[in-house]
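In what follows, a single structure is set out as structure tokens and then discussed.
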Amino acid sequence: MKSATACRLRAGWALLAVLLLGALAACRSLPWDITNFELGLPEPRFPVTLEGNVTVPTRDGVLLSADLYKPAAPGSYPAILVRTPYDKRSPAYGYPVLGGVFASQGYVVVIQDVRGKGLMIGIEFTPAGSLGVKAAWTAAEAAQKGLFVQLVVMALMRDHRILTQVGGPGINIIKLLPPLIIGDPEVEQIVTAFDAVLGEAAHVSGRVWGQSGQLIKQALSQ
């Protein structure tokens, strides 16, 4: 009886494994089928090869990483260049599907990062040399780590209409995310605003530290 039951269990598990493998195969082909249906593309003309993370030097010396989707056959092909600040391998953004679809139709598809161009900037702050400011810094840090950068972020927005972000909880880092189209006038505006805010922060009686009391009270009440 036990032997027959064990055989039935093994047969059941084997059948389940076959069904799961079939379902996985269907899921793997689903993005292609959907894309093929939506775009009305013909059947693939070429198998596709992927050459990943090819470094491409730019004129200013920055190295950008690119994935190359190519037809797996010798010859010259037209190219499609896609530049992205996001994860070029993530299925969520569709780049692997895009590269595979068009490469199978006879195109070389280049999916290139634009990271490394300095469009995400972090500025870390440490205690100042002045005794008065250092004492204010110590009091703020005792109430809540990273409180000083909150004061700077608030001052930049309040006085200069420049939106920045705290780099994370408990750290004195400000994060800037300027757009790709930023130019020299905008850079000068940001630098001037930081100079003004940090110059004011060098004096405990200035407006930057003026809001520290309220933030410290809120931090201590939590």
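Just to be sure I understand the filter: pairs with C-beta atoms under 7 Å, separated by 6 or more residues or on different chains, first member in the range 55-73 and surrounded by 16 or more Cβ atoms within 10 Å (Cβ to Cβ) and assigned to a loop (DSSP other than H, G, I, E, B), second member of a type in the set (G, A, S) and at pLDDT 90 or above. Which pairs pass? No pair meets every condition. A count restricted to the range 74-106 and to residues that are modelled with pLDDT of 90 or more and under 16 Å from R45 (Cβ atoms) stands at 13. Within the range 179-186, the presence of a residue that is outside any loop (DSSP other than H, G, I, E, B) and either of a type in the set (S, T, N, Q) or surrounded by 15 or more Cβ atoms within 10 Å (Cβ to Cβ) (or both) is excluded.
Every residue in the range 125-166 that is small (G, A, S), in a loop (DSSP other than H, G, I, E, B) and surrounded by 17 or more Cβ atoms within 10 Å (Cβ to Cβ), please. Listed by number, the list holds a single entry, G146.
The values are calculated or read from the model by the stated rules, or taken from the named source; none is laboratory data. Just so it is clear, the model here is predicted, and its values are computed rather than measured. Positions of Cβ are backbone-derived with ideal geometry, glycine not excepted, and every protein chain shown enters the neighbour counts.
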